[in-house]
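Here's the structure we're looking at; comments come further down.
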Amino acid sequence: MDSFKVTGLAGKAELHGEVGIAGAKNAALPIMAASLLVEGEVQLANVPDIADVRSMVGLIEALGGFTTFMGDTLSIRPKEAGGTVIDAEIGKRMRASILLVAAVLAKQGSVTFPHPGGCVLGSRPIDVFVEGFAALGATFTETAETYTLSAPKGLSGGEIFFRVMSVTGTEALMIAATRAAGPVTLHNCAMEPEVVATAEFLKACGARIEGAGSPTITVAPARLQAPISNFQIIPDRIEAGSFLILGALAGKGITVKGADPSHLGAVIETLRDMGVTVDVRHDLISVSRPAVLRAAEVRTHEYPGFPTDLQAPMAVLLTQAVGESAVSETVFDGRLNYVAELARMGADMTVVNPHKAIIKGPMPLKGRDIMGPDIRAGLAFILAAAIAEGESTIGNAHLIDRGYEKIEQKLSALGLKIKRVSA
Ligand code: EPU
């Protein structure tokens, strides 16, 4: 198991330079899954070279699809009548495998899959998916190890009201609906840019989708056809936000290049509220550490609110702000699972209830050996290590590799002393 060794800057703002943002993991994954429904070859550009994308490639190939990677371009040619069983080993490790469940069910009329795993962020149920597919006529059965959804005569049109706003739930049902026999209306949809990107991809293939990015999406039956060449994956707003937070913590001029500032409104406004000057010019966003960081109350929310995936990195920034700050996690149970480790580094952070923590600052952080519990908290620990005094070792590098491309190269180029250590 790899880990990262980071030599901290002891609070000095010395990181400098430009960092390029990769394609969005959470847009690439649903679009890759949706490719299974397209006749012919799909070519996706700006695909991030990260472990989750490779896992999705593995799942598609296990179903009989062909894939090739050339630089950041990924070609997918699905098999006409592919398999109906999602590889259990990979599926269990990655929650996004549920997106492939949607495509296989819609295409083959049946799909068997393990409980989709992924980061431990609380219970992460699949009721929203099961209810959605049932509303389109699928039946659901389970054994101790697997779930099966089947609709041998194909999915029907229908109306779905999501009780919970779910990003992958919206994407999965929108993908499946393109093959339904009649029109499908989805209510209380997630409005994340990745939902819109998935709809744009499906539309480029011929789908008739309206309303993506709003609470109501309608999908009318259509045939999805390639060739689709050079379909661009949108930039990763979470990677971009992570580097902006790093710039506010330890930057002497960090410029994030290739991001879409319109996807980062809540993050940029929070940084400004804390006293950070954020300079936005087209796809370039520059930040530096201000003389004083002001305390803030940060509350995660579905898009366009503050993203839950940046809650832990933002908490690290709040440890350096003057006064009392708070983070409230409203999207997931169990996403304050990193607090004890951050407190071991010297943060004054108290969990007041499972959804809220209070942070008092500024507190100098000390280098420690710590283990990231998930992709985003792992990245937050790298940020904490970057400003700490002394050396830190961040274990579970494989979790960080799931979502961040060439992270140690990008951070080294900004001047951080970081190296990967293989056990
Ligand atoms: N929920 C249910 N039932 C369901 C599905 C979800 O109760 O059947 C609940 C969840 O437990 C959670 C809430 O709904 O409390 C919202 O979860 P959502 O379904 O939106 O999350 P997701 O689709 O599983 C995606 C991202 C996550 C990101 C969340 C929220 C992908 C592949 N994953 O997850 O990204 O945190 O939306 O924005 O798009 C990450 O990239 O590290 C990551 C965890």
Task: Residues satisfying the stated conditions in region 272-315, i.e. touching a residue at least 60 places away in the same chain (Cβ under 8 Å), within 16 Å of the ligand (Cβ to nearest atom) and hydrophobic (A, V, I, L, M, F, W, C) - done: LEU310, ALA312, MET314, ALA315
- [ ] Quickly run through region 365-410 and pick out the residues that are polar (S, T, N, Q) and not in a loop (DSSP other than H, G, I, E, B).
- [x] SER392, THR393, GLN409
- [ ] Inspect region 388-409 for any residue being of a type in the set (Asp, Glu) and within 16 Å of the ligand (Cβ to nearest atom) and give the result as yes or no.
- [x] yes
Open item on the list: If PRO125 satisfies all but one of (1) within 12 Å of the ligand (Cβ to nearest atom); (2) in contact (Cβ under 8 Å) with a residue 12 or more places away in the chain, what's the number of the condition it fails?
Closed with: (2)
Open item on the list: For the structure I just gave you, tell me whether THR68 is among the polar types (S, T, N, Q) and either within 16 Å of the ligand (Cβ to nearest atom) or in contact (Cβ under 8 Å) with a residue 12 or more places away in the chain (or both).
Closed with: no
Task: Search result, residues across region 139-149 that are without any contact (Cβ under 8 Å) to a residue 40 or more places away in the chain, surrounded by 14 or more Cβ atoms within 10 Å (Cβ to Cβ) and away from the ligand (no atom under 16 Å from the Cβ) - done: THR148
TODO: Can you work out which of the residues in region 150-196 that are charged (D, E, K, R) and within 16 Å of the ligand (Cβ to nearest atom) is nearest to LEU264 (Cα to Cα)?
DONE: GLU192
Open item on the list: For region 315-335, give me each residue that is crowded, with 24+ Cβ neighbours inside 10 Å, touching a strand residue (DSSP E or B) at 6+ places or on another chain (Cβ under 8 Å) and hydrophobic (A, V, I, L, M, F, W, C).
Closed with: ALA315, LEU318, VAL327
Open item on the list: Condition first: touching a Gly at 6+ places or on another chain (Cβ under 7 Å), buried (at least 19 other Cβ atoms within 10 Å of the Cβ) and not in a strand (DSSP E or B). Now tell me which residues in region 72-86 satisfy that.
Closed with: PRO78
Open item on the list: Taking the condition of being in contact (Cβ under 8 Å) with a residue 40 or more places away in the chain and at positive phi, how many residues in region 316-346 meet it?
Closed with: 2
TODO: Report yes if ALA357 is within 30 Å of PRO125 (Cα to Cα) and more than 12 Å from the ligand (Cβ to nearest atom), otherwise no.
DONE: yes
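None of the figures in this text is laboratory data; all of them are computed from the coordinates on show. The structure displayed is predicted, hence computed values, not measured ones. Using ideal geometry, Cβ is built from the backbone for each residue, glycine included, and neighbour counts are taken over all protein chains shown.
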